[in-house]
Amino acid sequence: MPNDAELLHRYAAEKAGDAFAEFVRRHIDFVFATALRQMGGDAHHASDVAQCVFTTAARKAESLAQYRTVKGWLYTTTRNASAN
């Protein structure tokens, strides 16, 4: 089972949608729950925030692939996206 860095690297190098889909599947619950707390329980806005976070992750996949873990990046990016 590939780790997050391998999935992100594969997505960045090959545009492998299945690799990015697996990355999202692994982290969607965490990102959505964080966004939901930040948005005061508004599920619609939390979904928008989660989409923004994963869109950003897709754009930055190659640089994110250099990190051993992306949990902190996901949390910070979710908080920042919620504030905007």
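The values are calculated or read from the model by the stated rules, or taken from the named source; none is laboratory data. Bear in mind the structure is a predicted one, so any value in this text is a computation, not a measurement. FYI the Cβ positions are ideal-geometry reconstructions off the backbone, even for glycines, and counts take in every protein chain you see. With ligands, DNA and RNA removed, areas are computed over all heavy atoms of the protein, side chains included. Shrake-Rupley method; radii C 1.70, N 1.55, O 1.52, S 1.80 Å.
Brief remarks follow.
- Residue in segment 15-39 that is farthest from Pro2 (Cα to Cα), counting only those that are touching a helix residue (DSSP H, G or I) at 6+ places or on another chain (Cβ under 7 Å) and either exposed (fewer than 13 other Cβ atoms within 10 Å of the Cβ) or in contact (Cβ under 8 Å) with a residue 40 or more places away in the chain (or both): Met39
- Subset of segment 40-61 [over 13 Å from Leu74 (Cα atoms) and in contact with a helix residue (DSSP H, G or I) (Cβ under 9 Å, 6 or more places away or on another chain)]: Asp42, Ala43, His45, Ala46, Ser47, Asp48
- The set of residues from segment 14-28 being under 15 Å from the mean Cα position of the chain (by Cα) and of a type outside the set (Val, Ile, Thr) comprises Gly17, Asp18, Ala19, Phe20, Ala21, Glu22, Phe23, Arg25, Arg26, His27.
- Selection of segment 48-70 for residues being modelled with pLDDT of 95 or more, open to solvent by 90 Å² or more (accessible area, probe 1.4 Å) and among the charged types (D, E, K, R) yields Arg59, Lys60.
- Residues (closer than 15 Å to Phe20 by Cα and β-branched (Val, Ile, Thr)) located in segment 38-53: Val53
- Residue match in segment 11-21 (condition: in a helix (DSSP H, G or I), of a type in the set (A, V, I, L, M) and at pLDDT below 95): yes
- The residue that is nearest to the chain's Cα centre (by Cα), among those in segment 54-72 that are touching a residue at least 12 places away in the same chain (Cβ under 8 Å) and more than 13 Å from Phe20 (Cβ to Cβ), is Lys71.
- Selection status of Tyr75, outside any helix (DSSP H, G or I), touching a residue at least 40 places away in the same chain (Cβ under 8 Å) and open to solvent by 70 Å² or more (accessible area, probe 1.4 Å): no
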